[in-house]
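Working notes, structure below.
Bear in mind that the values in this text are calculations on the coordinates, not laboratory data. Owing to the predicted nature of the structure, the values given are computational and were not obtained by experimental measurement. Note that each Cβ is placed from the backbone with ideal geometry, even for glycine, and that neighbours are counted across all protein chains shown.
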Amino acid sequence: MQDTANIPFVDELPVSEKLGNAIRAGRLDEIEEISPFAACIVPLLNALGWRTYQRELIEALPHYVDQIDLVDLRNLLVTLGYESDESNTSIDKLSDDLLPALFVGEQGEVWVLLEKTADKVFLFDAVKKDSRELSIEHYKGKVYLFTDTRPTHALPVSNQNAESWFGDTVSHFRKLIKHLLAMTFILNIIALAVPLFIMVVYDNVIGARSLSSLPYLIGGLSIALGVELVLRTLRSKTIGMVAGRLDYIIGVETVKKLLHLPPQLTERASVSSQLSRLKQFESVRDLFSGSAASLFLELPFVLFFIFVLWLLAGEIAYVPLIMVVVYIVLSVVWYPGLSKDLKYAGQARTARQRLLMDTFSGLRELKALGAEGAWKEIFREVSGQAMLASYKTSMKHSVINSVSQSLMSLAGIAVLTIGTLKVMNGEITIGILIAVMALLWRVLSPLQGICLSVLQIDQVAQSIKQLNQLMKLNSETVGNKTELLMPNIKGQVRFDRVSFRYGPKSDAALLGVSIDVAPNEFISIVGENGSGKSTILKLIAGMYRAQSGVLAIDGTDVRQFNAADLRRLIAYVPQKPTLFRGTIAQNLRLTNPLATDEEIMEAARAADILDSIERMPKGFDTLVGETSSVKFSASLIHGICLARAYIRQAPILLLDEPSDSLDMVSDRRLIKQLTERKGKQTIIMVSHRPSHIELADKVVLLSQGMVKLVGTPQEVLPAIYGAK
């Protein structure tokens, strides 16, 4: 065994990797050295009652960060099921019933408060890295109290109320929303200062030809405008914070939900359609971060300004009231046609986007076929349709904008005309008329903005509806524990008259399939394309559930397993191996976050890729992905995926056409590896190569979703060649 000191890992690891390595090895002192907030992780979890934290904690660690700060710590605990509330207080006022808690003091203290008596508190000091007891003094700062949101055996997990998922999410910001409404109310009161200032100047200063009060008026107005500037800045920051947090929550929760959905709900959808669906949710963020958020906050105060207009000029207030009705009527009339055009324009843009993705993914084939000219014409036609649809919607939107502007101008003319007559009749002063004109725009601007934003509001409503529908779907992973605990899986697999189809209108992929696989037996599944070979592997891996019949592992129906936990019992190498963004080590640890450096090396050695990785300058910390400067061969990619399967040390190994991307040398290595693993774990392999089929203890020949023949390689291979 090679010494761990010689493992080709670089010295400067990401913080998440340092944390992960320290947790795997149980070296808590290394965790404490990363940052004070990282040092709080284990003491907090222990105090909160978290016992088997290793795997879940490693999976919850933040990635691509240079340091662990307070936000990272709180996000990590939320992922593990502990929500936190912030409170400004002192330790002596904190109730013992609320502990454990995190305390961040005004003098830079970072403490985990564990126990508290009348005059003392027992804590862990994350800065000094020690536990001690202190006398309670007036230590002031921010205290973070934690609530356990994890399900228990007495409270089974159920889906949230999908009809109000978004509403429930927004309700968490109700305090901030109340603050925003309060600030908006004060801003609208201050907004009266300018019209009233103009009115007083015209009527009392200019009219009386007295400048004595003017400096006081200007000073008061300057103070009001300064307060308004501060409040508007605070309101903008608060709106931005709410929008950012909503964007984060929606993004994280939707991706989390998609990851936990059954594959049959996502696998058949194209990448472009999935991305398009996620992109639609950005409209929710845009509503809160754009001008529409301010419009919604200002809208309730329209009636307030109309009331002020009534107090100042009487029936002139009827003009904005009439405009309210006119804008509502125009919105109702315009909306259906414009919504239809907008929907068509969106479909046209989506079609163009899909065609672009097809172009880049199939560029080599297009060139090989000499079809560049024909494909260019197809793209030109689709682009033309998208452009024409966008042109129509933009033109209609321009017309709506022009009409709404004209209505505002007409309202201004109407108020000016009526006001002039009132001035001439002595009913109001010139100062009141000018103040009324200034207030009129405070009424009409939000109305015009809402009228122009009606389509955006509809898009947001549709996005919220889709969000609620998405959250309503049943997830595979319903908890951290499996529904049936079976720690000693031997690897027996049994299909008993299993039938499966991918969709209600699809032909049966499997029809009455019965197969018995003994523990540590090597089974090869063969057959023509579309005979159901890969479907069998996906059913065993828990990717799908059979519609009829029984699929059992060690005599237990797989439907009694939690799908995620079932897959942890199985190592699966798909037909098209994929590497994900990160280092080689991170890719290998995807299936087993607890794997040590030695186990990673051993898996790489078993996959016969250790020498190739050691020759790289950064070894196992070589980056994988589009930004990587290292180009991996198909055989190395396949080897990494094999090592990823080996590192799980699962009792069942599934291989789907493992030799598709391998050259002859790599194929011989694979045969050697399979020979060494034979009899040590249950191996179920889909392959068409006779050299692989001959390794199996038993061969299953499929035809049109049914078992045609089961026997030894010597019995089945002649039937295969005869069929050919």
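In summary, the aspartates and glutamates within cross-link reach of K533, defined as a Cα separation below 14 angstrom excluding same-chain residues under 8 places away, comprise D656, E657. Note on the chain: dipole from Cβ charges, positive end direction compared against Y248, I322, Y216; the farthest Cα belongs to I322. A simple rule links phi to the HN-Hα coupling: the Karplus curve 6.51 cos²θ - 1.76 cosθ + 1.60 with θ = phi - 60°, which for the range 385-402 gives 5, 5, 5, 5, 5, 5, 4, 4, 5, 5, 5, 5, 5, 5, 4, 4, 4, 5 Hz, with x for Gly and Pro.
Helix 15-25 and the long axis of the chain differ in direction by around 40°, with both axes built from C-alpha atoms.
Paramagnetic label reach from H260 (point 7 Å along Cα→Cβ; backbone nitrogen cut-off under 14 Å): within the range 436-476, residues 470-476. With the convex hull of its Cα atoms as the shape, the range 327-372 has an orientation-averaged projected area of 4.0 nm².
This model, with +1 at the C-beta of Lys and Arg and -1 at the C-beta of Asp and Glu, gives the range 35-157 a dipole about its Cα centre of some 220 debye. The amide H of D557, built 1.01 Å from its N in the peptide plane, has no neighbour under 5 Å, considering only residues 5 or more places off or on other chains.
Give me the net charge for the shell around T622: Cβ to Cβ below 12 angstrom, other residues only, Lys and Arg +1, Asp and Glu -1.
Details: positive: R615, K618, K631; negative: E614, D621.
Around T622, the surrounding residues sum to +1.
Give, rounded to the nearest 20 debye, the magnitude of the charge dipole that the range 648-687 has about its Cα centre when Lys and Arg contribute +1 at Cβ and Asp and Glu contribute -1 at Cβ.
On the way: 7 positive and 6 negative charges, 70 e Å.
So the dipole magnitude of the range 648-687 works out to roughly 340 debye.
Over the range 506-547, the fraction of Cα-Cα pairs per 5 Å bin, rounded to whole percents and listed from the shortest bin up, is 5, 18, 30, 29, 14, 3, 1. Based on the reciprocal of the average 1/r between different C-alpha atoms, the Kirkwood radius for the chain equals 31.8 Å.
Taking 23 Å as the limit for the C-alpha separation, the pairs K576/K672; K256/K631; K343/K392 exceed it in the case of K256/K631. Using the Karplus relation 6.51 cos²θ - 1.76 cosθ + 1.60 with θ = phi - 60°, the per-residue 3J(HN,Hα) values for the range 610-623 come to 4, 4, 4, 6, 5, 6, 6, x, 9, x, 5, 9, 5, 6 Hz, with x marking Gly and Pro. Take the Cα of K93, step 7 Å toward its Cβ, do the same at D663, and the gap between the two points is 7.3 nm.
Can you tell me the length gained on complete extension of the stretch A634 to E377, counting 0.36 nm per residue apart and subtracting the Cα distance?
Between A634 and E377, full extension yields an extra 89.1 nm.
Using the Cα coordinates of the range 35-157, the gyration tensor eigenvalues translate into equivalent-ellipsoid semi-axes of 24, 18, 13 Å, sorted from longest to shortest.
The simple spin-label model puts a point 7 Å past each Cα toward its Cβ; for S164 and K672 those points are separated by 6.5 nm. Along the range 42-48 the Karplus relation, 6.51 cos²θ - 1.76 cosθ + 1.60 evaluated at θ = phi - 60°, assigns HN-Hα couplings of 5, x, 5, 5, 4, 5, 7 Hz to successive residues, with x for each Gly and Pro. Backbone amide hydrogens, once placed in the peptide plane, bring I525 within less than 5 Å of M685, V686, S687, V700, excluding anything fewer than 5 places away on its chain. Here r is the Cβ-Cβ distance between M437 and V550 and R0 is 60 Å; the resulting FRET efficiency, rounded to 0.05, is 0.15. Counting only lysines at least 8 places from K120 when in the same chain, those with an alpha carbon closer than 22 Å to its own are K93, K128, K129, K140, K142. Label separation (R55 vs Q560): 2.0 nm, computed from points 7 Å beyond Cα along the C-beta direction. Given the chain, what percent of its DSSP beta bridges are antiparallel, to the nearest 5? Within the chain, antiparallel bridges account for around 70 percent of the total. Using Cβ point charges alone (K and R +1, D and E -1), the dipole size of the chain about the Cα centre works out to roughly 2220 debye. Sorting the segments 430-437, 527-534 by their mean number of nearby beta carbons within 10 angstrom, highest to lowest, gives 430-437, 527-534.
As I understand it, the dipole of the range 493-723 uses +1 on the Cβ of Lys and Arg and -1 on the Cβ of Asp and Glu, about the Cα centre. Which of A508, S703, L610 lies farthest toward its positive end? Farthest towards the positive end: A508. Taking the charge dipole of the chain about its Cα centre, with +1 at Lys and Arg Cβ atoms and -1 at Asp and Glu Cβ atoms, the residue from N204, I570, L70 reaching farthest to the positive side is N204.
What FRET efficiency would be calculated for the residue pair I413, T238, taking the C-beta separation as r and a Förster radius of 30 Å, to the nearest 0.05?
0.20
Note: relative contact order over the range 35-157, using C-alpha pairs below 8 Å and six or more positions apart, is 28 percent. Note on the range 493-723: semi-axes of the ellipsoid equivalent to its C-alpha gyration tensor, largest first and rounded to whole Å, are 31, 20, 16. When you count the other C-beta atoms within 10 angstrom of each residue and take the mean per peptide, 585-597, 314-326, 371-383 line up highest first as 585-597, 314-326, 371-383.
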